[in-house]
1. If you count only protein heavy atoms with a 1.4 Å probe, what accessible area per residue comes out for the chain, rounded to a whole Å²?
2. Separation of region 1-63 and region 230-309 by C-alpha centroid, Å?
3. Once neighbouring chains are kept in place and the probe is 1.4 Å, which whole percent of the accessible area of region 1-143 is contributed by carbon and sulfur?
4. Looking at the chain, identify the longest residue range that excludes and avoids all trypsin sites (Lys or Arg not before Pro) in DSSP loops having at most 10 other Cβ atoms within 10 Å.
5. Please calculate the 1.4 Å probe accessible area of Val15, with all protein chains present, and give it to the nearest 10 Å².
6. May I ask for log10 I(q)/I(0) of region 44-89 at q = 0.15, 0.26, 0.27, 0.28 Å⁻¹, from a Debye sum over the Cα atoms as equal point scatterers with solvent left out?
7. Taking square-rooted eigenvalues a ≥ b ≥ c of the alpha carbon gyration tensor, is region 34-111 rounded, prolate or oblate, where a/c under 1.5 means rounded and, failing that, a/b exceeding b/c means prolate?
8. Please give the contour-minus-distance gain from Met85 to Phe309: 0.36 nm per residue of separation, less the Cα-Cα distance, rounded to one decimal in nm.
Amino acid sequence: MSEIEFEPAEGEIAVEFAALDIEFHPLLNLRGGMIVNPIGSFNQNHDGPKWEFTDRPISATQLLPATWSNAGFGLYGKKYSGDWMFGYEAYLSSGFDGTVINNEQNKTYLPAAKNNVERFEESNSGEPLYTGKIAFRNNKIGEIGLSYMGGAYNKYYDDGSDIDDRRTLSVFVVDFNTTLPTLNTFITGEWAWINVDVPETYTQQYGNKQYGGFVDIVQPVLKKKILGWDNATLNLACRLEYVDWNVGKFRETGGKIGDETWSVVGGFSFRPNAQTVLRLNYRHQRTKDLLKNPPVLLGGFSFGISTYF
């Protein structure tokens with residue numbers, strides 16, 4: 001299986017996913033190649049036609065590094081029993097590097113590591129990145145997933161000598177989705193906690209703890225034959241988002257550190273079929289800087305079309 005993408009369209013052509021799967025048993029499958037790490041739910045399910053919003057979640061792309069793929073291998077499997085499903089994934093892969101704290105954003109920023117294309121050839125730290133996820137689903141209740149990703153991110157050992165302290169990062173994510181009966185309201189979201197071993201020589205603008213997430217609520221309001229489409233659907237949608245890139249207090253004053261964003265996105269979506277969506281969104285967003293000065297406000301409409309082809 002493989003996926004080639006144009007992202008951005010005028011920029012480059014890239015292979016995002018290319019893996020070989022070998023099935024020994026439904027609960028025991030080997031996967032190797034260029035994998036998409038199973039951290040949260042969005043990273044592996046980021047295709048535009050699946051979502052009712054033109055923008056990807058802030059927490060998935062500016063807190064977590066979606067879309068995040070690496071060279072690696074591991075095991076996965078699923079087991080079904082009645083209304084229940086259990087699934088797991090566990091991989092060793094290449095991963096992060098020192099740019100998570102040494103970057104143009106001048107803060108702890110995991111997505112900066114996406115710029116290092118050498119991660120598809122070698123691990124910067126000399127160690128694998130560990131990624132694992134377990135998920136449980138009940139057809140009448142919904143699905144919940146628990147995932148972890150972590151390991152060393154800096155190059156601390158070279159040619160037989162220690163050149164730095166070993167520094168690690170860890171990411172924990174809870175994701176869920178459910179459909180409410182009768183109303184058919186679809187709810188999905190994820191929440192992430194990040195811990196990064198930041199050197200003491202760095203200033204407090206580099207956070208060692210971060211968290212954030214999103215919740216999408218999608219309510220179908222009309223499903224019928226429209227303009228020749230037999231199963232067209234009109235939806236109302238709302239997304240709630242929050243990200244804090246620097247959780248904690250200033251040592252000198254005890255005041256809370258800022259560097260946080262929250263937003264509310266509402267909109268309409270029209271689906272002539274399950275694989276195509278037209279979306280009109282409005283975003284209201286507030287961002288506070290490190291010192292929690294009055295927030296920078298952002299608001300505006302966006303319209304988008306997304307489909308598979």
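1. Working: 16510 Å² over 309 residues.
Using a 1.4 Å probe on heavy atoms only, each residue of the chain averages 53 Å².
2. Their Cα centres are 21 Å away from one another.
3. On the way: 3940 of 7090 Å².
Answer for region 1-143 is 56 percent, counting heavy atoms of protein chains only.
4. Working: sites that count: Lys140, Arg251.
Longest run free of exposed loop sites: 1-139.
5. 70 Å²
6. -0.65, -0.95, -0.96, -0.98
7. On the way: a/c = 2.83, a/b = 1.47, b/c = 1.93.
Taking the square roots of the gyration eigenvalues as a ≥ b ≥ c, region 34-111 is oblate.
8. On the way: separation 224, 0.36 × 224 = 80.64 nm, distance 3.04 nm.
Extra length available between Met85 and Phe309 comes to 77.6 nm.
The values are calculated or read from the model by the stated rules, or taken from the named source; none is laboratory data. Note that the coordinates shown come from a computational prediction; the quantities given were computed from them, not determined experimentally. So basically every Cβ, Gly included, is an ideal-geometry build from the backbone, and we count neighbours across all protein chains shown. Side chains included, ligands, DNA and RNA excluded: accessible areas come from the protein's heavy atoms. Shrake-Rupley method; radii C 1.70, N 1.55, O 1.52, S 1.80 Å.
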